[in-house]
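Take a look at the structure set out below.
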Amino acid sequence: MTPVATIANLTATGDVILGPGALTTMVKGLPCACMGDLVAGPVCVTGAITMTTAITTMAKGRPQACIGSVVTGVSVVGVPVATSVLVCPNVNVIV
């Protein structure tokens with residue numbers, strides 16, 4: 001059981017979860033992040049949340065993302081990047 005991720009949370013490499021998220025499932029005023037949401041930042045230029053441990057907790061028909069969810073994408077120079085969701089201040093909302 002880990003804290004749920006929301007839009008604007010960070011990965012281990014400092015990339016930001018952009019969304020679209022589950023706009024009807026709010027956590028502390030932000031939409032919860034789901035599998036397939038886009039991620040971008042200084043290391044992972046284009047990426048998405050590709051795997052999560054909360055496969056039975058759904059939001060808008062997609063599994064919710066949480067700390068430890070895997071993000072895969074491409075770096076600035078075209079190298080494949082894999083990182084994980086790290087910063088989730090929603091420690092009181094557990095999935």
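The values are calculated or read from the model by the stated rules, or taken from the named source; none is laboratory data. Computed from a prediction, not measured in an experiment: that's the story for all the values here. In this analysis, Cβ positions are derived from the backbone assuming ideal geometry, glycine residues included, and neighbour counts consider all displayed protein chains.
Tally up the residues in segment 51-65 that are surrounded by fewer than 17 Cβ atoms within 10 Å (Cβ to Cβ) and either modelled with pLDDT of 85 or more or among the small types (Gly, Ala, Ser) (or both), please.
Filtering segment 51-65 for residues surrounded by fewer than 17 Cβ atoms within 10 Å (Cβ to Cβ) gives 51, 55-56, 58, 60-61.
Applying the additional criterion that residues be either modelled with pLDDT of 85 or more or among the small types (Gly, Ala, Ser) (or both) yields 51, 58, 60-61.
Qualifying residue count for the region: 4.
Mind checking which residues of segment 53-67 are within 9 Å of the chain's Cα centre (by Cα) and in a loop (DSSP other than H, G, I, E, B)? I'd like the intermediate steps shown before the answer.
Initially, segment 53-67 is screened for residues within 9 Å of the chain's Cα centre (by Cα), giving 64-67.
Listed by number, the residues that qualify are 65, 67.
May I ask you to list the residues in segment 77-95 that are modelled with pLDDT of 90 or more, assigned to a loop (DSSP other than H, G, I, E, B), under 17 Å from residue 39 (Cβ atoms) and hydrophobic (A, V, I, L, M, F, W, C)?
79 - this is the single residue of segment 77-95 that is modelled with pLDDT of 90 or more, assigned to a loop (DSSP other than H, G, I, E, B), under 17 Å from residue 39 (Cβ atoms) and hydrophobic (A, V, I, L, M, F, W, C).
Within segment 1-20, take every residue that is outside any loop (DSSP other than H, G, I, E, B) and surrounded by fewer than 19 Cβ atoms within 10 Å (Cβ to Cβ) and give me the one that is modelled with the lowest pLDDT.
Within segment 1-20, the first condition is being outside any loop (DSSP other than H, G, I, E, B), and the residues that meet it are 3-4, 6, 10-11, 16-19.
Going one step further and asking which of them are surrounded by fewer than 19 Cβ atoms within 10 Å (Cβ to Cβ), we end up with 10, 16, 18-19.
On the way: 10: 91, 16: 93, 18: 93, 19: 83.
Looking at the filtered set, the residue picked out is 19.
So which residues in segment 21-50 are over 9 Å from the mean Cα position of the chain (by Cα), modelled with pLDDT of 90 or more and in a loop (DSSP other than H, G, I, E, B), if there are any at all?
If the condition is that a residue be over 9 Å from the mean Cα position of the chain (by Cα), modelled with pLDDT of 90 or more and in a loop (DSSP other than H, G, I, E, B), then 41, 42, 43, 44, 45 are the ones that fit.
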